[in-house]
Amino acid sequence: MIKRFKSTSYLLLICLIVFFGCNKTETTNLDDETITPSSPNILFILADDMGKDATNSFSEGNLKPNMPTIDNFINSGITFSNCWVYPTCSPTRASILTGKYGYRTGVKWANDELNNSETILQKYIKQQTNDSYSTAVIGKWHLSGNGMNQMNPETFGMDYYAGLVGGGVQSYYQWPLLNNDQQTTETDYITEKFTDLSIDWINSQDKPWFLWLAYTAPHTPFHAPPAEMHSQGNLPDYVDGMEPLPYYLAAIEAMDYQIGRLLDNIPENEKNNTIIIFVGDNGTPNQVAQFPYSSTTAKGSLYQGGINTPLIVSGANVGRFGVTDNNLITSTDLFATIAELSGITVPSINDSKSFKSLLSATNTHRNFQYSEKDDGITESWVLSNGQFKLFTDSNGNQEMYDLDIDPYEANNLLNGVLNSSQQESKEALENELIQIRN
């Protein structure tokens, strides 16, 4: 009996050695495989008409929305304080999708149409990664005009599109939805519906995904979102003449609520492997612009209140937490950055320069940043080296500001005599503008 027990014990010991030995080998192989991180999911969220004066962590603005989800992105990631976009939404969207300045694509103002010969970011990622990513655009498109004959954005090369093809809605509770090439009239709250579509799409994927989620919020019309989604109190139906700011802030809070719901519905392992990029497409609407901005220096203008918007990056592959980065960024840079995050070695392409390295280390990104507008009356361009900002329009008019001492552009240096340093900077900006425009 004792011999049998010893034999059994020896046999068990051998089995355990073999078992743990095999497990050790398997663990080593898994570790070897995970030296190269798996391709991250990419959640790109575009807010419509959300400036720094309506975003926590920025000094601009006195009244801020309650937005715990976006605050968590800020606290667990990087806030880029010097991101330049365009004064209106269509050119910002086109610049991100193509990595090109607006004058190259012809999309320089709201309602301008993007030519479907352009290789958009989603198509580029699919081509360069051998179709390893699923791609979708859900929400506001606004790159095919506002007419009746708008093309389905899927013709540009993403796998799936559902949302609002035009630029705006008359009501957040009754609006046209294009989905599977069918247009219907929706009565679900638009911010919630875009979130529902996103949850359904993400949870149907079986490979890494890139979702471009473009909310209409907080774009007009001012309205009262469902009460459970905001903290602005009992808001009556908005009519002209009312104070619009509480309604604007409520729309942001409803969007934040829905972003939180989206994240809650992503499986934990998927969420842990997701990088989140949040950006405003242009500045705050002039009706609700807060000091130090004004109705003439917010949305629609090339002043800081019109083009310097929040950019926040959080989640997988982000190694800097709760920090503010002051590098010069342009909206075109998101093309190369997102492409690199998907595994494509593309530090720069078109007018886009990847800032992926800034997600884990402090570096210098750009020496100049550029934006432009052409509203059908005057074409204007603006360029900055981080300190000096130069405006030039097609009629030869110019303005110049020292953003270090005059960040909200109250003192046009060209109303006086430039000193030698200012003149040297002006000439350098003019020369760089020639390089960019040629």
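The values are calculated or read from the model by the stated rules, or taken from the named source; none is laboratory data. These numbers come from a predicted model, not from an experiment. Counting neighbours? That spans all protein chains shown, and the Cβs are built from the backbone with ideal geometry, glycine included. Heads up: the accessible areas ignore ligands, DNA and RNA and are worked out on the full protein's heavy atoms, side chains in. Shrake-Rupley method; radii C 1.70, N 1.55, O 1.52, S 1.80 Å.
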Would you mind getting the accessible area per residue of the range 308-381, heavy atoms of the protein chains only, 1.4 Å probe, in Å²? 36 Å²
Working from Cα positions, state the angle (0 to 90°, nearest 10) between the long axis of helix 190-202 and the longest principal axis of the chain. 30 degrees
Using alpha carbons only, how many degrees (0 to 90, rounded to 10) separate the axis of helix 245-264 from the longest principal axis of the chain? 20 degrees
Dipole in debye (nearest 20) - the range 260-374, about Cα centre, beta carbon charges: Lys, Arg +1; Asp, Glu -1: 180 debye
Below 8 Å between Cα atoms, with a sequence gap of 6+, how large is the relative contact order for the range 159-212 in percent? 25 percent
With the 8 Å Cα cutoff and a minimum separation of six or more residues, the range 343-403 has a relative contact order in percent of 18 percent
Cut-off under 22 Å on the C-alpha distance; same-chain residues fewer than 8 positions from K389 excluded. Which lysines are left, in chain and number order? K52, K100, K108, K299, K353, K373, K426
Per the helix-only calculation at 222 nm, which mean residue ellipticity applies to the chain, given -39500 (n - 2.57) for every DSSP H run of n ≥ 4 and division by its residues, nearest 500 deg cm²/dmol? -9500 deg cm²/dmol
Before anything else, pin down the relative contact order of the range 76-185: Cα pairs under 8 Å, at least 6 apart, normalised by residue count, whole percent. 19 percent
The answer for K353, listing residues at least 5 apart or on another chain whose modeled amide H is closer than 5 Å to its amide H, is D333, A336
Take the chain, connect every pair of alpha-carbon atoms lying under 10 Å apart with a spring to form a Gaussian network, then pick out the residue of L213, L414, L245 with the largest mean-square fluctuation. L414
How much of the accessible area of the chain, in percent, comes from carbon and sulfur atoms when a 1.4 Å probe is used? 48 percent
What number comes out for accessible area per residue over the range 140-237 if the probe is 1.4 Å? Units Å², please. 43 Å²
For the chain, longest principal axis from Cα atoms; helix 2-33 axis from its Cα atoms; angle between them, nearest 10 degrees, is 20 degrees
Quick one, which of (i) 0.96; (ii) 1.26; (iii) 1.07 is the actual Rg/Rh (Cα atoms, Kirkwood Rh) calculated for this model? (iii)
